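Read the structure below first, then the notes.
The values are calculated or read from the model by the stated rules, or taken from the named source; none is laboratory data. Note that this is a predicted model, so its numbers are computed, not measured. Here the Cβ positions follow ideal geometry from the backbone for every residue, glycine too, while neighbour counts run over all protein chains shown.
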Amino acid sequence: MRRRFEPAGALRGRVAPPPDKSISHRAALLGAMCDEPVTVENYLYAEDTLSTLDALRSLGAALEPEEDGGLLVRGVGLRTAAPTTGGLLNVRNSGTLLRMLPGWLAGQPGGSWTLDGDESIRRRPVDRVVEPLRGMGARLEAREDRFPPLTVYGAELTAIDYELPVASAQVKSCVLVAALLAEGETSVTEPIPSRDHTERMLRRARVPVTREGRVVRVSPVDEIELERIVVPGDPSSAAFFAAAACLVAGSRIVIEGTALNWTRTGFFRIAARMGAVVVGELEDEPKPEADEEPVGELDVTQAPLEATAVEPDEVPLAIDELPLVALLGCFAEGQTVVRGAGELRVKETDRIAGVVEGLGGLGADIEAIEDGFVVTGGGGLRGGVLDARGDHRMAMLGAVAGLASREGVEVEGIEAAAISYPGFEDQVRALTDA
């Protein structure tokens, strides 16, 4: 489906982003591991998170959507995931599910499950979860020992001290979930911090979780208990409208009810450094023992932008929003550089190639480097056609680019936005018509 987004006048109004995708995945997964029912308020009902619900139903959990947008999870307990009918769990396009779920399944002795998905998911590497889970005693098989389909054979697990080769919240979470079922204390060392929703939720479930610097430690438990989880707004989704407000002259928007967790607000700090006016109660440092998600609002106002350099230690804190940094760079004076973002090459698409080709086709002066990109800004964007390549982030990037361009942008494959942001186009219209 192709949709055209015309240059916009000033964006004005308030926007409430959809529920956070990362937290919704984790709430459903950990809820399914509980013995008692768990109420999840403000669950994200989108393509990716519906895949999680379907997979958990195959494992024996009962998941009941509620009229107010909530979800009631009746789990199967920590150690009693059911073998799948026919042996297949279809994760569709969900990389989070593909990488986190094996951590739970690996600790279910006697069971076996095969995770597979669409064409895109079959290109996403799983060797990063295979390595630590094998080290804990599970047996796993993958195509070329690296790609889905991924088969997990449950086993009695033992603790490990694991050092992540690349910062990844999904891989970290996989190991931490497996640690709940392993004998002994497991530690995970991160090269640089990544989003910490799993650690916060485990603490709320009364799991012994500690952090010292870059090291997270988890001890096994007999059961986990969560009564109520409230999912805040998704800062990664909110970032697209924030970027539009940064670029379109005269704009000012207020983003309501969004998560302000330090590990998720890297983009807003980068935008502020480039000159955008971003006002809100952002966490200004990591909270190593936190168990709640900070929530608040952000006030974003357009202002002249200057180029910046995004270094590797910032990348995990803005990984999903780095395409927007490239877009801001098109309008900023100077040369914007993003380094250390090789992880973008193994997302739904090769996002480095997609961003460079997509924005380049709209008139950007942008080139790829091995682990990022370089944008020479100041000229803005002409406009044209951007192919989303089935990637929700690219679809929304194209829409925002159209609002800020001189001639408008046609986005090929705009329907991909529904993977994480149902109602995205309606929200665009609401802010541009205000």
Positions within the range 271-318 being assigned to a helix (DSSP H, G or I) and touching a helix residue (DSSP H, G or I) at 6+ places or on another chain (Cβ under 6 Å), in sequence order: Ala271, Glu314, Leu317
Qualifying residue in the range 413-431 (condition: part of a loop (DSSP other than H, G, I, E, B), aliphatic (A, V, I, L, M), touching a helix residue (DSSP H, G or I) at 6+ places or on another chain (Cβ under 8 Å) and closer than 26 Å to Leu260 by Cα): no
Test: residue in the range 213-235 that is among the small types (Gly, Ala, Ser) and not in a loop (DSSP other than H, G, I, E, B): yes
Those residues of the range 89-122 which are out of contact with any helix residue (DSSP H, G or I) (no Cβ under 8 Å at 6 or more places or on another chain) and either on the phi < 0 side of the Ramachandran plot or among the hydrophobic types (A, V, I, L, M, F, W, C) (or both), in sequence order: Leu105, Gln108, Pro109, Asp118, Glu119, Ser120, Arg122
Of all residues making up the range 334-360, the number that are in a loop (DSSP other than H, G, I, E, B), at pLDDT 95 or above and more than 20 Å from Ile270 (Cα to Cα): 0
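If only one of Arg143, Arg124 is modelled with pLDDT under 95 and under 27 Å from Asp391 (Cβ atoms), which one is it?
Working: Arg143 fails: modelled with pLDDT under 95.
From the options Arg143, Arg124, the qualifying one is Arg124.
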Positions within the range 29-47 being surrounded by fewer than 23 Cβ atoms within 10 Å (Cβ to Cβ) and part of a helix (DSSP H, G or I), in sequence order: Glu47
Some residue of the range 256-275 being surrounded by 21 or more Cβ atoms within 10 Å (Cβ to Cβ) and acidic (Asp, Glu): no
Some residue of the range 251-268 being at pLDDT below 95, of a type in the set (Phe, Trp, Tyr) and in contact with a Leu (Cβ under 9 Å, 6 or more places away or on another chain): yes
The range 288-312, subset free of Cβ contacts under 8 Å to residues at least 60 places away in the same chain and closer than 24 Å to Ala341 by Cα, residue nearest to the chain's Cα centre (by Cα): Glu311
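Find the strands (runs of 3 or more DSSP E) located wholly in the range 62-156 whose residues include 2 or more that are surrounded by 15 or more Cβ atoms within 10 Å (Cβ to Cβ) and not charged (D, E, K, R), and list them.
Answer list for the range 62-156: 71-74, 88-92, 112-117, 139-143, 147-153.
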Residues located in the range 182-225, provided they are surrounded by fewer than 21 Cβ atoms within 10 Å (Cβ to Cβ), among the hydrophobic types (A, V, I, L, M, F, W, C) and farther than 26 Å from Leu260 by Cβ: Val221
Residue within the range 103-113 that is within 17 Å of Ile160 (Cα to Cα), within 21 Å of the chain's Cα centre (by Cα) and not assigned by TED's automatic domain parsing to the domain that holds Arg389 present: yes
Index of the failed condition, Pro7 passing every other in (1) in a helix (DSSP H, G or I); (2) over 23 Å from the mean Cα position of the chain (by Cα): (1)
Lone qualifier among Glu156, Glu144, Glu131 - being over 23 Å from the mean Cα position of the chain (by Cα) and without any contact (Cβ under 8 Å) to a residue 12 or more places away in the chain: Glu144
Only listed residue being in contact (Cβ under 8 Å) with a residue 60 or more places away in the chain, assigned to a loop (DSSP other than H, G, I, E, B) and closer than 27 Å to Val126 by Cβ, chosen from Val175, Val166, Val171: Val166
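Quick check, is Arg99 at pLDDT below 95 and not assigned by TED's automatic domain parsing to the domain that holds Arg351?
In short, no.
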Test: residue in the range 308-320 that is crowded, with 17+ Cβ neighbours inside 10 Å and either among the basic types (Lys, Arg) or farther than 28 Å from Asn93 by Cβ (or both): yes
